[in-house]
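Just below is one structure, and these are the notes that go with it.
The values are calculated or read from the model by the stated rules, or taken from the named source; none is laboratory data. Note that the coordinates shown come from a computational prediction; the quantities given were computed from them, not determined experimentally. Cβ placement follows ideal geometry from the backbone for every residue including glycine, while neighbour counts extend to all protein chains displayed.
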Amino acid sequence: MDIQKLEQLHEGKAKKVYKTNDPDLYWIEYKDDATAFDGKKKGTIMNKGILNNRISIHFFNLLEDKGIVTHLVNQVNDREQIVKAVDIIMVEVVVRNIAAGSLSKRIGLPEGTMLPKTVLEFYYKDDALGDPLINDYHIAVLDLATPGQIKAMSEMALKINDILRDYLKDKKIDLIDFKLEFGTHKGEVILADEISPDTCRFWDMETREKLDKDRFRRDMGNVEEAYREVLRRLTGETL
Ligand code: UDP
């Protein structure tokens, strides 16, 4: 069956989601819009939609090869991909290897401190509340996920961390931290959303240069160049 893009279901900060003529599939379009600090800072990163579509597809293919079930079906074009339709679990799962960002602020570890063990965190995906940090008890009280789903998300997140960390080491990139979103598809918890410089912190292993959205958040300049550099290191492609 030829998949056709139908009406828009949802517009997020970085992507639009469309229905298709197949109820099991959605059509995703990546935008150049960039936001930070709960949407208070807004801007555009030229070609970000193209870069993140390619980078995220690259990571999702790698994870599929290693046995992680993801929503990715196939790339349509530069900015678009077809995915399995999921019900998003309203919990953002963050994995951290090195202290940075909100962790440094919250518990006072200077940015760049190597964590003696991996840290796993949950945030409630709720813009009005500013995505607060939550734990298993809060997830149960809010009925965001079952204990089985929390376990599945946690195990997948830690496995994804191992896969990505190893893979990025060869590309001379340190994986500082990243955020994942999961959804349910036919009852199964699968990886959804994206993995890109918007959702990860990537530091050059030698120079410690930031190759991620912190360049936008902190007005450091050369944002597009950093995203291009990530794509180049992963795939050898230049845009
Ligand atoms: N992150 C994200 N979306 C969010 C919040 C965080 O993709 O809404 C990512 C962020 O890019 C970083 C990791 O999750 O790689 C941890 O972010 P942190 O909690 O330090 O928050 P921040 O400093 O970005 O506010």
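Restricting attention to region 114-145, the residues that are surrounded by fewer than 14 Cβ atoms within 10 Å (Cβ to Cβ) and among the β-branched types (Val, Ile, Thr) total 1.
Looking at (1) in a strand (DSSP E or B); (2) more than 24 Å from ALA36 (Cα to Cα), which is the one condition that is false for GLU181? The one condition GLU181 does not meet is (2). Within region 196-219, is even one residue more than 16 Å from the ligand (Cβ to nearest atom), assigned to a strand (DSSP E or B) and acidic (Asp, Glu)? The answer is no, given that none of the residues of region 196-219 is more than 16 Å from the ligand (Cβ to nearest atom), assigned to a strand (DSSP E or B) and acidic (Asp, Glu).
Applying the condition of being more than 16 Å from the chain's Cα centre (by Cα) and buried (at least 18 other Cβ atoms within 10 Å of the Cβ) to region 26-44 and asking which residue is nearest to HIS185 (Cα to Cα) yields TYR26. Restricting attention to region 217-239, the residues that are acidic (Asp, Glu) and surrounded by 16 or more Cβ atoms within 10 Å (Cβ to Cβ) total 2.
List, please: which pairs have Cβ atoms under 6 Å, are six or more places apart or on different chains, and start with a residue in region 96-125 that is touching a residue at least 12 places away in the same chain (Cβ under 8 Å) and under 16 Å from ALA157 (Cα atoms) and end with one that is surrounded by 15 or more Cβ atoms within 10 Å (Cβ to Cβ) and among the basic types (Lys, Arg)? Listed pairs, sorted by first residue: VAL119/ARG96. So, in region 83-113, how many residues would count as being assigned to a strand (DSSP E or B), away from the ligand (no atom under 13 Å from the Cβ) and either in contact with an Asp or Glu (Cβ under 9 Å, 6 or more places away or on another chain) or among the charged types (D, E, K, R) (or both)? Here the count works out to 4.
Can GLY39 be described as over 17 Å from ILE195 (Cβ atoms), part of a strand (DSSP E or B), touching a residue at least 60 places away in the same chain (Cβ under 8 Å) and of a type outside the set (A, V, I, L, M, F, W, C)? When the stated conditions are applied, GLY39 does not pass them. Evaluated against (1) closer than 19 Å to ARG201 by Cβ; (2) away from the ligand (no atom under 14 Å from the Cβ); (3) not in a helix (DSSP H, G or I), HIS58 falls short on exactly one condition, (3).
Only one of LEU158, LEU191, LEU175 is in contact (Cβ under 8 Å) with a residue 60 or more places away in the chain, away from the ligand (no atom under 12 Å from the Cβ) and assigned to a strand (DSSP E or B); which? Talk me through it step by step, then tell me what you get.
Details: LEU158 fails: assigned to a strand (DSSP E or B); LEU175 fails: away from the ligand (no atom under 12 Å from the Cβ).
The conditions single out LEU191.
Of the residues making up region 207-239, those that are at pLDDT 95 or above and hydroxyl-bearing (Ser, Thr, Tyr) are THR207, TYR227, THR235.
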